[in-house]
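The values are calculated or read from the model by the stated rules, or taken from the named source; none is laboratory data. Just so it is clear, the model here is predicted, and its values are computed rather than measured. Glycine gets a Cβ as well: all are built from the backbone with ideal geometry, and neighbour counts include every protein chain shown.
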Amino acid sequence: MMMYNADFLIAAVVILLLVLRNFLDQKRAEDLNSRVFLFFAVIGILDVIAELVSNYYITSGDGDFGLAAVVTTTIFYLFQALLPYTLLCYIMTLHDNKLISVKKMLLAGIATILLASIVLTNPFTEKLFYFDVSAGYVEGPWYRLMYYSALFHLAVILILVISWRKEFGPQKIKVILDILILCGCGVVIQLLHSPLLMTGFGMSLGILTLFLTINNPNANRDSLTGVYNHLYLTRRSDELIAAGKSFHIITIYLYQLKHINKVAGVEGGDYILQLTAKKLEELCGNRVFRITGKRFLVLTMSLPEYEYYITQIKKMFETDMQLDADSSKPATPVVLSGIVHGQKLGTSGLMLEYAEYLESLSMQNGMIEVIQDDQQTMDGFLYNKKVEQYLHTAIAQDLFEVYYQPVYSTAKNDFVTLEALSRLHHPELGWIAPDVFIQIAEKNHMIEQITDLQFKRICMFINEHRDLMKKLFNIKVNLSSLDLMRSDCSSHFIRMMDDMDIHHDWIQFEITETVATEYNAGLGMVIDGFMAAGVRLCLDDFGSGYANLNTVMRLPFSAIKIDRTLLFDICNDKKRAMFYQSIVETFRRMGYSIVSEGVETEEEMSLLRRWGVDMIQGYYFSRPLPVDELLKLLNM
């Protein structure tokens, strides 16, 4: 009778029990991959225990091989057949990260089903093993089929890993290869020297490796607050979306956390985050995620639950999170965004983008705000997403157009300058409002590329119509804050002008009031570069924000554009008219050229001319025009 060394099996049981205890004790993910890992670990423990019991009967040596020996050994063989298939399913969940279709499960399990049927019929066929009174446990003619099945599954897994290498990434591939080596070595060693029961030990080391790496419960937790993290939310929500399950989310945006960090220090900010996480967990249990530095999310599975939690969370911040007992203002004002039926957005990434879009609609005025989605808001978000996606194509193919709006001189009674304006046409959406695509481009740091494309077109237009510049002072070109943040901004555009033989004074760059109020050393260097090259500047949209005379005087503007919002009702409201007139008079005394934007009526035109406004821009004279129509208007 052959003797077997069970020491490795005992070690395997200890390893697997420790893994299982720690995995169950910790806050673990509830996604499909984690459930399959748990199943894999349990099957692994049962397999090793069954092998130990079977080994007891095999090595007992008393010659009494009854039904118990046959049953326990058959069960052990069944687990041996099932384990490689379970590992294969685990690898498939890593790839799909959502659901495995029944068709995939059946295709992947054909070999296992065939092997399981052989194991179950073995007591009658004795193809794998049998017990003999004199010889004891005897390997059948198909005994090695168990090893070949394990190696076959490991080979299939290796092929899948190679084909899915881009989706897995280098870290996961390294872990999976380590597991294949551990399991494969165990199988091969026991195949070549069966008394060393190494298959279960190699498998236990593989499961331990998974527990320490891919399925480490700590990998799903936010290190600061202890709640679930963004990575787990992505897996969980994508799995729910793939399953067609309905769910609803609430995001909690602590938008003043940066201010709290300044006032109370980073430790004070961390305390607020930890306190918020604790309160949310007490209220919502394991439904809480921290998705960014300032944001938490609560995932709910029913509408009543959603409505209850959004109400209770609002109350929580109104009461428990106050600075002190006498304060009526929350210490941590938040924006609560609610999305009903989050699965309708299709992906977790789009869902979180929509939550941020909702937050952007809030006032953020230091109070607690609740914003819930509706169809109109959703339509606006999806419209912006289509625009955002199209911007990449538009930049790659240079699909933007330049329209020019003429600016009229009250002294010369003629057009003396043009403002270049970007336009974009979508094949489905039609013309996209410039404010919309420019804002999206700035948010996604694409505006610099758009500015370069448009400026090149402007320079080409000037070169093609150089006689036009005998009539015009200049062409005004808008620069965004991101354009001006480039350290080589001035040299970059001057170089483009020089390459196309464009006189520097033919271009006047417009800088918005918002950018001018955020003056810094970097902006100062850019402005100095323009001034040294003879490029003039215009302050755009004065009166639309917080600019004042200090802002105007800090930078060397040669012209000031007064925003059209200040023009509202000046023909009927004397106070508005006096205010507008005083602005014009003040800037004229300071030597600036004044441009009035948004002029649409004869009455407005007459007032502005009387007040001494130098130039008029607006629909009263002309809307922005494509090149052909512009040339007709200018009689060129």
So for the range 95-106 (the condition being within 30 Å of residue 288 (Cα to Cα), out of contact with any helix residue (DSSP H, G or I) (no Cβ under 9 Å at 6 or more places or on another chain) and either not assigned by TED's automatic domain parsing to the domain that holds residue 136 or not in a helix (DSSP H, G or I) (or both)), does at least one residue qualify? yes
Residue 417 being polar (S, T, N, Q), assigned to a strand (DSSP E or B) and either farther than 30 Å from residue 608 by Cβ or in contact (Cβ under 8 Å) with a residue 40 or more places away in the chain (or both): yes
Mind checking whether some residue in the range 425-435 is assigned to a helix (DSSP H, G or I) and within 27 Å of the chain's Cα centre (by Cα)? yes
Before we move on, is residue 111 over 30 Å from residue 228 (Cβ atoms), of a type in the set (Gly, Ala, Ser) and surrounded by 15 or more Cβ atoms within 10 Å (Cβ to Cβ)? yes
Quick check: anything in the range 75-86 at pLDDT 90 or above, within 35 Å of the chain's Cα centre (by Cα) and closer than 30 Å to residue 222 by Cα? yes
Does residue 529 count as assigned by TED's automatic domain parsing to the domain that holds residue 421, surrounded by fewer than 15 Cβ atoms within 10 Å (Cβ to Cβ) and in a helix (DSSP H, G or I)? no
Kindly indicate the residue of the range 334-369 that is among the β-branched types (Val, Ile, Thr) and touching a strand residue (DSSP E or B) at 6+ places or on another chain (Cβ under 9 Å) and also surrounded by the most Cβ atoms within 10 Å (Cβ to Cβ) among those meeting that condition. 334
Residue 494: passes all of (1) out of contact with any strand residue (DSSP E or B) (no Cβ under 8 Å at 6 or more places or on another chain); (2) crowded, with 17+ Cβ neighbours inside 10 Å; (3) closer than 30 Å to residue 602 by Cβ but (3)
Surrounded by 15 or more Cβ atoms within 10 Å (Cβ to Cβ), touching a strand residue (DSSP E or B) at 6+ places or on another chain (Cβ under 6 Å) and assigned by TED's automatic domain parsing to the domain that holds residue 336: does that describe residue 240? no
Filtered residues of the range 127-139 (kept if surrounded by 15 or more Cβ atoms within 10 Å (Cβ to Cβ) and touching a residue at least 12 places away in the same chain (Cβ under 8 Å)): 127, 128, 129, 131, 136, 137
Answer yes if at least one residue in the range 91-103 is under 30 Å from residue 60 (Cα atoms) and at pLDDT 90 or above, and no otherwise. no
Name the single residue, out of those in the range 512-528 being touching a helix residue (DSSP H, G or I) at 6+ places or on another chain (Cβ under 7 Å) and among the aliphatic types (A, V, I, L, M), that is nearest to residue 560 (Cα to Cα). 516
Please go through the range 358-374 and give me each residue that is in a helix (DSSP H, G or I) and either at pLDDT below 90 or in contact with a Pro (Cβ under 6 Å, 6 or more places away or on another chain) (or both), ordered by number. 360
Evaluate the range 460-475: report whether one residue or more is among the charged types (D, E, K, R) and within 18 Å of residue 515 (Cβ to Cβ). no
Unique residue being aliphatic (A, V, I, L, M), more than 22 Å from residue 396 (Cβ to Cβ) and not in a loop (DSSP other than H, G, I, E, B) when the list is 469, 460: 469
Count - residues of the range 190-227 that are assigned to a helix (DSSP H, G or I) and free of Cβ contacts under 8 Å to residues at least 12 places away in the same chain: 2
Inspect all residues belonging to the range 244-260 and state whether any of them is at pLDDT below 90, outside the structural domain of residue 35 (by TED's automatic domain parsing) and over 25 Å from residue 314 (Cα atoms). yes
Residue 192 being closer than 21 Å to residue 13 by Cβ, at pLDDT below 90 and out of contact with any Leu (no Cβ under 9 Å at 6 or more places or on another chain): no
Condition met for residue 410 (surrounded by 20 or more Cβ atoms within 10 Å (Cβ to Cβ), within 21 Å of residue 470 (Cα to Cα), of a type in the set (Ser, Thr, Tyr) and over 38 Å from the mean Cα position of the chain (by Cα)): no
Hey, any hits in the range 279-291 for a residue that's at pLDDT below 90 and at positive phi? no
Give me the pairs: first residue in the range 247-269 and more than 25 Å from residue 306 (Cβ to Cβ) and surrounded by 21 or more Cβ atoms within 10 Å (Cβ to Cβ), second residue of a type in the set (A, V, I, L, M, F, W, C) and modelled with pLDDT of 85 or more, beta-carbon distance under 7 Å, and six or more apart or on different chains, which are they? 269/257
List the pairs whose first member sits in the range 75-100 and is farther than 30 Å from residue 130 by Cβ, whose second member is modelled with pLDDT under 90 and not in a helix (DSSP H, G or I), and whose Cβ atoms are under 7 Å apart, counting only residues at least 6 apart or on separate chains? 89/100; 92/100; 93/100; 99/243
If you go through 390, 383, the only one that is in a helix (DSSP H, G or I) and crowded, with 18+ Cβ neighbours inside 10 Å is 390
Would you check which residues across the range 143-172 are in contact with a Phe, Trp or Tyr (Cβ under 9 Å, 6 or more places away or on another chain) and not in a helix (DSSP H, G or I) and list them? 143
Step by step: first the residues of the range 353-392, then only those that are assigned by TED's automatic domain parsing to the domain that holds residue 252 and touching a Phe, Trp or Tyr at 6+ places or on another chain (Cβ under 6 Å), then the one that is farthest from residue 259 (Cα to Cα). Which residue is that? 354
